[in-house]
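Every number in this text was worked out from the coordinates using simple rules, so none of it is lab data. Just so it is clear, the model here is predicted, and its values are computed rather than measured. Quick reminder, even Gly has a Cβ in these numbers, built from the backbone with ideal geometry, and neighbours come from all protein chains shown.
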Amino acid sequence: MFKKFTFRKQKASSFNELVEEAKKGYIPNHIAIIMDGNGRWAKRRAMPRIAGHHEGMKVVRKITKFANKMGVKVLTLYAFSTENWKRPQQEVDFLMKLPQEFLGTFLPELVEENVQVRLIGQRDGLPAHTRESVEKAIKATQHNTGLILNFALNYGSRDEMVYAIQNLVTDSNSGKIQPHEITEDVFSSYLMTSSLPDPDLLIRTSGEIRISNFMLWQIAYTELWFTDVFWPDFTEEHLLEAIVNFQRRGRRFGGV
Ligand code: IPE
Ligand code: IPE
Ligand code: MG
C-alpha cells in the first residue's frame with residue numbers, strides 16, 4: 001500500500017515538472033482536435049455509442065482547463081461534422097443536446113476561467129435549442145480575454161469554402177471587390193475562422209489517420225499528431241505529450 005502511494009505521488013510531481021518544462025518552450029497558439037473514438041470507446045464497454053459521447057464531454061472540460069493552463073490561445077474542437085447528420089437520428093439528437101448540457105453545467109466555470117466561447121459551422125442547420133445554448137455562451141464570454149474555446153459544430157471544410165466563394169462572388173458582383181484583389185489573405189478572411197490564426201498543431205484521436213473534412217485550407221502547414229487513444233480516454237498527459245513532440249519539430253514553411 002505504502003509503495004503504491006509514493007509511486008503515485010512521485011508520478012504527480014513529475015507531471016507538474018514536465019508541464020513547467022514544456023511551458024518554457026514554444027506553446028502552440030492554436031491547437032485543433034478531431035475528437036474521435038467515442039463510439040468505439042463505448043462499444044468496448046458494451047455500452048451504447050451515446051455513452052461514449054457523454055464521457056467525451058467530460059474530457060472537453062478537462063482538456064479546455066489544461067490548454068488554458070498551458071497558455072494555449074485557441075483550442076478548436078471538432079464536435080460535429082456536416083457529414084455526421086448521416087448517423088442514426090437518435091445519436092444525432094443526443095449529440096445536439098450535448099452543447100446544452102455541457103454549457104449548462106460548465107458555463108459559470110468557463111466565465112470564471114476567462115475562456116471565450118466561439119463557434120464555427122453552419123448555425124442555420126442546427127436545432128434552435130443547440131444554437132441558442134451556444135449563442136448564450138458566446139455572449140456570456142465575449143469580453144473574456146483568455147483561451148478561445150472554438151467549437152466546430154455542423155462544420156465541414158468544403159462547405160465553409162463553398163460558402164466563402166458564394167460570398168466572394170456576391171461581393172464581386174456588387175463591385176465591393178475585384179477578382180484580382182482576391183488574395184490568400186482575402187480568401188482566409190471569408191472563412192469562418194477569419195479572426196483566428198491557423199492551427200499550429202492538429203491532433204486526431206482514435207487511430208484514424210485522416211482529416212475528415214476539417215479545416216483543409218487552414219492546416220496547410222499545421223503539424224499533425226495522431227494517437228490511438230479514444231477521445232474519452234484522452235488526458236492532460238496525452239495533450240502534454242503532443243505539445244512536447246510539437247516542440248521538437250522543425251517547422252520550415254517551405255523555407256530552409
Ligand atoms: C467522435 O466519435 C464524435 C463525433 C464524430 C460526433 P465517433 O462517434 O466518431 O466515434 P467512433 O469513431 O465511431 O468510434
Ligand atoms: C470526424 O469524425 C468528425 C468529428 C470528430 C466531429 P468522424 O468519425 O465523423 O470521421 P470519419 O467518418 O471516421 O472519417
Ligand atoms: Mg469517428
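Where does each of 131-141, 164-174, 179-189, 64-74 land if you order them by average Cβ count within 10 Å, highest first?
Those peptides, ordered most packed to least, come out 64-74, 131-141, 164-174, 179-189.
When the helix-only estimate is applied to the chain (DSSP H runs of n ≥ 4, each -39,500 (n - 2.57), divided by the residue count), what is the mean residue ellipticity at 222 nm, nearest 500 deg cm²/dmol?
Rounded to the nearest 500, it is -16000 deg cm²/dmol.
Could you tell me which of the pairs Lys24/Lys58; Lys97/Lys139; Lys65/Lys86; Lys69/Lys136; Lys136/Lys176; Lys73/Lys139 are separated by over 21 angstrom between their Cα atoms in the structure shown?
With Cα atoms farther than 21 Å apart: Lys24/Lys58; Lys65/Lys86; Lys69/Lys136; Lys136/Lys176.
Show the residues, 5+ positions off or on another chain, whose built amide H is closer than 5 Å to the amide H of Val74.
His30, Ile31, Ile148
For helix 2-24, what angle does its Cα long axis make with the longest principal axis of the chain, in degrees from 0 to 90 and rounded to 10?
The answer is roughly 30 degrees.
In Å, what is the Rg of the alpha-carbon atoms in the range 8-75, and how long is Dmax?
Answer for the range 8-75, Rg first and Dmax second: 15.3, 43 Å.
So what J values fall out for the range 182-189 if you push phi through Karplus, 6.51 cos²θ - 1.76 cosθ + 1.60 with θ = phi - 60°, rounded to Hz, Gly and Pro as x?
Each residue's phi maps through the Karplus curve to give 7, 9, 4, 5, 5, 4, 4, 6 Hz.
For helix 128-141, what angle does its Cα long axis make with the longest principal axis of the chain, in degrees from 0 to 90 and rounded to 10?
80 degrees
Give the Rg/Rh ratio for the chain, taking Rg as the radius of gyration of the Cα atoms and Rh as the Kirkwood radius, to two decimals.
Reported Rg/Rh, Kirkwood definition of Rh: 0.99.
For Lys69 and Ala128, compute 0.36 nm times the residue count separating them, minus their Cα-Cα distance, and round to one decimal in nm.
Fully extending the segment from Lys69 to Ala128 adds 18.0 nm.
Using just the C-alpha positions of the range 137-199 as equal point scatterers, what log10 of I(q)/I(0) does the Debye formula give at each q in 0.15 1/Å?
Log10 I(q)/I(0), no solvent term: -0.60.
If contacts are Cα pairs under 8 angstrom and at least 6 residues apart, what is the relative contact order of the chain in percent?
RCO, the chain: 27 percent.
What does the charge count near Met57 come to, summing +1 for each Lys or Arg and -1 for each Asp or Glu among other residues with Cβ under 11 Å from its Cβ?
Around Met57, the surrounding residues sum to +2.
In whole Å, how far is the Cα centre of the range 151-223 from that of the range 74-121?
Here the two parts' Cα centres lie 20 Å apart.
What are the extents of the Cα atoms of the range 125-230 along their three principal axes, listed from largest to smallest and rounded to whole Å?
Projected onto the principal axes, the Cα atoms of the range 125-230 cover 50, 33, 29 Å.
Apply the a/c threshold of 1.5 to the C-alpha gyration tensor of the range 1-132 and tell me whether it is rounded, prolate or oblate.
oblate
Work through the residues other than Gln90 whose Cβ is under 12 Å from its Cβ and net out their charges, Lys, Arg +1 and Asp, Glu -1.
Taking every other residue near Gln90 into account, the sum is +1.
For the chain, find the longest principal axis of its Cα atoms and tell me its angle to the long axis of helix 157-173, 0 to 90°, nearest 10.
Relative to the chain, helix 157-173 is tipped by roughly 30 degrees.
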